[in-house]
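See below for the structure under consideration.
The values are calculated or read from the model by the stated rules, or taken from the named source; none is laboratory data. Only a predicted model underlies this, so the values are computations on that prediction, with no experimental measurement involved. Here the Cβ positions follow ideal geometry from the backbone for every residue, glycine too, while neighbour counts run over all protein chains shown. Side chains included, ligands, DNA and RNA excluded: accessible areas come from the protein's heavy atoms. Shrake-Rupley method; radii C 1.70, N 1.55, O 1.52, S 1.80 Å.
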Amino acid sequence: MDKTQVGEIAIEASEIVSRLEQVAEGIPLPESTPSQSTVFLGLEKKHTDEIVKIIHGLISTDEDGEPLNFPPLDTVTKLVMVSHSLAAYCGGLERPILQKLSTRFTTDTTRWISQLFGFLDCSAFYHEDHLEGLVRVTRMMLHYKYPRYLEDGALALANSLPTIYSSVASPLGMVQHLCRQLGLPMACVRPVPVNTHFGSQYTMDTSALHKMLYDDSTSGRTPLMVVADAGTPITGHVDNVSRIRELCKVHNAWLHVRGHSLAALALSSQQRNGPVAPVADSFTLTIGSWLGVPGLPMVTLYKLWDPSTNPSRSKQVGASRESTLPFLAGLNTDHQGRRVLSLPLWAGLQGLALEGVHSRVREDFLASERLWGALNAFRHVRILSPKPGGESGAYTVSELISKPSTIPLLFESTASCVVFQFTPESNGGEYQSKVPPYYDKLNSWLGQILQLDAPQVPVDICELENVGVVLRFCPFENAVGLQPTNEEIQAFVQCLEQQLVILRATIHHRETFDKLVEASPVLKIVDLPDWAGMGGVRYIPEGWEQLLTDQAKEELNNLNMALVDSLRSTDSAFSLGEDADGLMCVRFGMLTPQSDVEELLNLVVRVGQSVEENSRVLDSMSEIVKKGIETATLDLQKENDEKLWQEGLIRHVPIVGSFVNWWSPKTKETGIRGRSLNLTQGVVESTENTYKYHMQVQSGQISAGAKTPPTPQIQTPIGHSRSNSHASASSQQLSNVKSESDINKVSVSLEKLKIQEKEEVESVNS
């Protein structure tokens with residue numbers, strides 16, 4: 001491999017990365033083609049540019065074809081992406097060359113990381129799965145505690161069950177994955193409770209751990225490993241690592257630490273004078289997430305076995321058994337393999353240098369410190385993450401960098417995340433217990449609004465078992481690598497303050513809302529479990545609630561849907577909801593302090609009554625149309641009978657009737673006239689004017705001096721089965737519909753009811 005080949009690969013990879021980076025800048029690729037189906041592999045090969053265009057189309061749009069937003073790439077990120085291409089190229093080299101390169105990249109990277117995080121006598125394992133390092137460290141301890149584990153497997157564990165200790169605040173999936181990968185029963189895991197009286201309620205109770213280790217050691221179990229958190233997965237609290245390490249030494253157990261707060265070890269590494277004891281026997285570093293550089297592998301650092309701790313083996317010739325344990329567990333770097341995982345990290349660390357790493361880690365902690373201080377001023381916001389600077393707040397991140405500090409002080413004075421939630425009013429000051437279920441919906445709504453209106457400070461919506469729904473900002477999980485500035489944090493806080501005013505106003509109005517709805521004869525409260533607004537009400541006309549048949553439910557749903565449509569034209573705060581029974585309702589959104597709940601509910605009642613009246617008008621119209629059809633049918637039947645007797649039966653006799661019609665043709669005026677229903681006058685009229693003058697004119701709409709057509713020859717009033725008062729009310733309603741709908745004439749043509757002469761003769765004869 002010569003210099004030209006390496007340069008060509010680097011240039012081509014850099015060009016592809018730059019072209020794909022145009023997605024983030026919104027610049028379309030020239031002659032871009034839509035992504036084609038890749039279900040079947042085509043016979044014709046594609047050019048590199050065409051393949052890049054297809055990848056661009058897949059990356060730049062979502063499933064609906066909408067463009068996606070991507071963060072810009074800095075110089076180090078581009079370098080890491082190019083190094084992945086070079087690492088793949090190295091995998092095809094001859095084994096001696098590949099082994100030399102892998103050894104160089106791995107040795108340099110391990111030495112830099114060990115110095116950076118103050119863990120000098122250690123080795124490193126590079127992996128992509130975040131739990132793979134813990135799995136292999138645990139396998140190494142199984143080989144250490146059970147010398148026959150390689151030969152006997154699970155049978156070696158029968159006499160003394162290995163025990164792994166993990167806090168109940170840690171994810172259950174972690175220990176489940178650990179047991180699945182190693183073939184261990186879940187009985188090997190001992191959950192350690194958290195503090196209840198002293199210390200943080202999210203950290204491991206060291207007194208309970210001490211008792212567990214002692215009881216297991218005396219009862220025949222084998223303490224294998226303690227998994228501690230330097231930054232719990234959600235709240236970011238740090239276990240008492242120093243005390244846990246002392247307990248592990250006493251009971252000969254391994255201590256593994258994980259969490260974002262381990263990044264604090266890189267802050268003051270230049271201030272350490274002399275050797276410092278490592279924080280644990282092993283810990284996992286998610287460096288790529290901390291530095292904001294995607295594509296970097298994770299690193300698990302573990303201590304090298306000290307021969308002085310085992311005097312009986314000091315005179316042994318050759319390698320000790322302990323030195324072979326990492327090889328048995330797969331923790332060593334396979335330089336004979338075809339993948340060089342450390343190359344992207346090797347390139348990224350050199351691109352950042354020591355000052356670049358310190359700067360990015362410092363900015364991560366400063367972002368948490370600034371946001372924590374801004375949120376601490378709000379009375380209705382409870383912060384669940386640890387306070388930067390410790391309980392006394394004596395140290396800041398800047399002071400930790402400028403002054404020598406111990407490892408416990410580093411963990412105590414830094415905060416890897418900020419977790420907060422909106423809480424109800426408390427008479428005793430700070431709200432401590434779990435928030436009511438309604439506040440979970442409010443916090444979920446608050447998180448969604450902040451994600452939309454203030455995305456410069458990314459927050460996640462999480463849920464804690466003993467607290468409820470919380471909002472979490474973690475700069476160490478920011479893939480962009482750029483932390484929000486002071487101005488962006490202030491804009492975020494202003495947006496949060498505006499939403500808190502709305503939340504407090506909604507809660508204040510909620511009690512009035514419930515009382516007014518309960519007192520209303522036509523409104524009913526509806527339980528909406530997933531709705532964070534004021535609540536839901538259903539408009540039910542009086543007397544309907546006791547007669548909710550399936551047909552009545554359908555009509556009630558139509559009534560409430562029409563009600564929501566009318567309300568939304570007035571205020572967008574109204575929306576359509578549905579309860580567990582499938583019945584529709586009116587949903588009230590968030591309210592401001594100036595909102596008048598009583599007026600809003602009165603508006604719902606007024607509009608509901610209007611919609612209800614309009615529905616009654618439609619019922620009256622349908623009944624009148626039905627009566628009109630019956631009247632028209634009788635008129636046509638009567639007219640056909642009269643026509644039949646006037647013309648004579650002989651015209652309807654087959655063959656003879658045709659001769660009579662030829663001898664004495666029928667006049668044009670003898671045909672049966674159609675019928676039309678005039679709703680405004682309530683009469684059924686004949687339609688000779690419609691076809692004779694080719695017009696439909698409402699009586700009373702002819703201008704002065706115009707020639708009016710003659711009055712229809714037949715006008716039959718519709719016979720109502722109702723009382724006169726009810727009929728007059730219906731007429732009044734019809735006139736209202738006419739004026740409201742701005743209809744000049746409502747006419748239902750009944751021309752389809754015209755009875756053909758031949759069919760009527762056949763029916764009469766029959």
Selected residue [modelled with pLDDT of 90 or more, open to solvent by 20 Å² or more (accessible area, probe 1.4 Å) and either within 25 Å of Leu267 (Cα to Cα) or not in a helix (DSSP H, G or I) (or both)] from Ser114, Ser123: Ser123
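Just to verify a result, which residue in the stretch 49-67, among those that are touching a residue at least 12 places away in the same chain (Cβ under 8 Å) and exposed (fewer than 12 other Cβ atoms within 10 Å of the Cβ), is farthest from Glu15 (Cα to Cα)? First the steps, then the outcome.
Initially, the stretch 49-67 is screened for residues touching a residue at least 12 places away in the same chain (Cβ under 8 Å), giving 50, 52-60, 67.
From what's left, exposed (fewer than 12 other Cβ atoms within 10 Å of the Cβ): 58, 67.
Values: Leu58: 18, Pro67: 22 Å.
Across the stretch 49-67, the extreme among qualifying residues is Pro67.
Conditions tested, residue by residue: (1) at pLDDT below 90; (2) under 24 Å from Tyr144 (Cβ atoms); (3) buried (at least 17 other Cβ atoms within 10 Å of the Cβ).
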position: Lys315; (1), (2), (3): yes, yes, no
position: Gly318; (1), (2), (3): yes, yes, no
position: Gly337; (1), (2), (3): yes, no, no
position: Ser342; (1), (2), (3): no, no, yes
position: Leu349; (1), (2), (3): no, no, yes
position: Val357; (1), (2), (3): no, no, yes
Residues located in the stretch 426-443, provided they are closer than 26 Å to Gly589 by Cβ and either at pLDDT 85 or above or open to solvent by 70 Å² or more (accessible area, probe 1.4 Å) (or both): Lys434, Val435, Pro436, Pro437, Tyr438, Tyr439, Asp440, Lys441, Leu442, Asn443
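Condition test on Arg587, is it open to solvent by 10 Å² or more (accessible area, probe 1.4 Å), part of a strand (DSSP E or B) and of a type in the set (D, E, K, R)?
Working: open to solvent by 10 Å² or more (accessible area, probe 1.4 Å): yes; part of a strand (DSSP E or B): yes; of a type in the set (D, E, K, R): yes.
Against the criterion (open to solvent by 10 Å² or more (accessible area, probe 1.4 Å), part of a strand (DSSP E or B) and of a type in the set (D, E, K, R)), Arg587 qualifies.
Mind checking whether some residue in the stretch 452-471 is outside any helix (DSSP H, G or I), more than 20 Å from Glu369 (Cβ to Cβ) and touching a Cys at 6+ places or on another chain (Cβ under 8 Å)?
Within the stretch 452-471, the first condition is being outside any helix (DSSP H, G or I), and the residues that meet it are 454-471.
After this cut, where a residue has to be more than 20 Å from Glu369 (Cβ to Cβ) as well, the list is 455, 461-469.
When the remaining residues are screened for being touching a Cys at 6+ places or on another chain (Cβ under 8 Å), the result is 469.
Yes, that holds for at least one residue.
Criterion first (touching a residue at least 24 places away in the same chain (Cβ under 8 Å), within 28 Å of Ala169 (Cα to Cα) and part of a helix (DSSP H, G or I)) does Phe476 satisfy it? Give the derivation first.
Details: touching a residue at least 24 places away in the same chain (Cβ under 8 Å): yes; within 28 Å of Ala169 (Cα to Cα): yes; part of a helix (DSSP H, G or I): yes.
For Phe476, the condition - touching a residue at least 24 places away in the same chain (Cβ under 8 Å), within 28 Å of Ala169 (Cα to Cα) and part of a helix (DSSP H, G or I) - is met.
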Criterion violated by Pro529 - all others in (1) in contact with a Pro (Cβ under 9 Å, 6 or more places away or on another chain); (2) under 15 Å from Gly608 (Cα atoms) satisfied: (2)
The stretch 184-207: number of residues that are farther than 15 Å from Val227 by Cα, open to solvent by 30 Å² or more (accessible area, probe 1.4 Å), in a loop (DSSP other than H, G, I, E, B) and at pLDDT 90 or above: 1
Qualifying positions in the stretch 368-388 - small (Gly, Ala, Ser), within 21 Å of Glu477 (Cα to Cα) and out of contact with any Cys (no Cβ under 8 Å at 6 or more places or on another chain): Gly373, Ala374
Counted residues, the stretch 482-530 - those being more than 28 Å from Gln451 (Cβ to Cβ) and in contact (Cβ under 8 Å) with a residue 60 or more places away in the chain: 6
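Give the number of residues within the stretch 339-371 that are over 16 Å from Ser261 (Cα atoms) and touching a residue at least 24 places away in the same chain (Cβ under 8 Å). Before the answer, list the steps.
First pass over the stretch 339-371, keeping only residues over 16 Å from Ser261 (Cα atoms): 339-356, 370-371.
The next check asks that each one be touching a residue at least 24 places away in the same chain (Cβ under 8 Å); those that pass are 339-349, 351-352, 354, 356, 370-371.
The qualifying residues number 17.
Could you pull out the residue among Glu554, Glu518 that is assigned to a helix (DSSP H, G or I), of a type in the set (Asp, Glu) and within 14 Å of Leu601 (Cα to Cα)? Let's see the steps before the verdict.
Numbers: Glu554 fails: within 14 Å of Leu601 (Cα to Cα).
It is Glu518.
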Evaluation of Ala169 against (1) farther than 26 Å from Pro344 by Cβ; (2) more than 35 Å from the chain's Cα centre (by Cα); (3) open to solvent by less than 70 Å² (accessible area, probe 1.4 Å) (one fails), failing number: (2)
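Check whether at least one residue in the stretch 534-553 is among the hydrophobic types (A, V, I, L, M, F, W, C), touching a residue at least 40 places away in the same chain (Cβ under 8 Å) and either open to solvent by 70 Å² or more (accessible area, probe 1.4 Å) or closer than 26 Å to Phe588 by Cβ (or both), and report yes or no. Working first, answer last.
As a first pass, look at the stretch 534-553 and keep what is among the hydrophobic types (A, V, I, L, M, F, W, C): 534, 537, 540, 544, 547-548, 552.
Pick out the ones that are also touching a residue at least 40 places away in the same chain (Cβ under 8 Å) and you get 534, 537.
Those still in the list that are either open to solvent by 70 Å² or more (accessible area, probe 1.4 Å) or closer than 26 Å to Phe588 by Cβ (or both) too: 534, 537.
Yes, there is a match, as at least one residue in the stretch 534-553 is among the hydrophobic types (A, V, I, L, M, F, W, C), touching a residue at least 40 places away in the same chain (Cβ under 8 Å) and either open to solvent by 70 Å² or more (accessible area, probe 1.4 Å) or closer than 26 Å to Phe588 by Cβ (or both).
Per-residue answers, yes or no, for (1) of a type outside the set (Asp, Glu); (2) at positive phi; (3) within 24 Å of the chain's Cα centre (by Cα):
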residue: Asp550; (1), (2), (3): no, no, no
residue: Asn557; (1), (2), (3): yes, no, no
residue: Ser569; (1), (2), (3): yes, no, no
residue: Ser572; (1), (2), (3): yes, no, yes
residue: Gly577; (1), (2), (3): yes, no, yes
residue: Ala580; (1), (2), (3): yes, no, yes
residue: Met590; (1), (2), (3): yes, no, yes
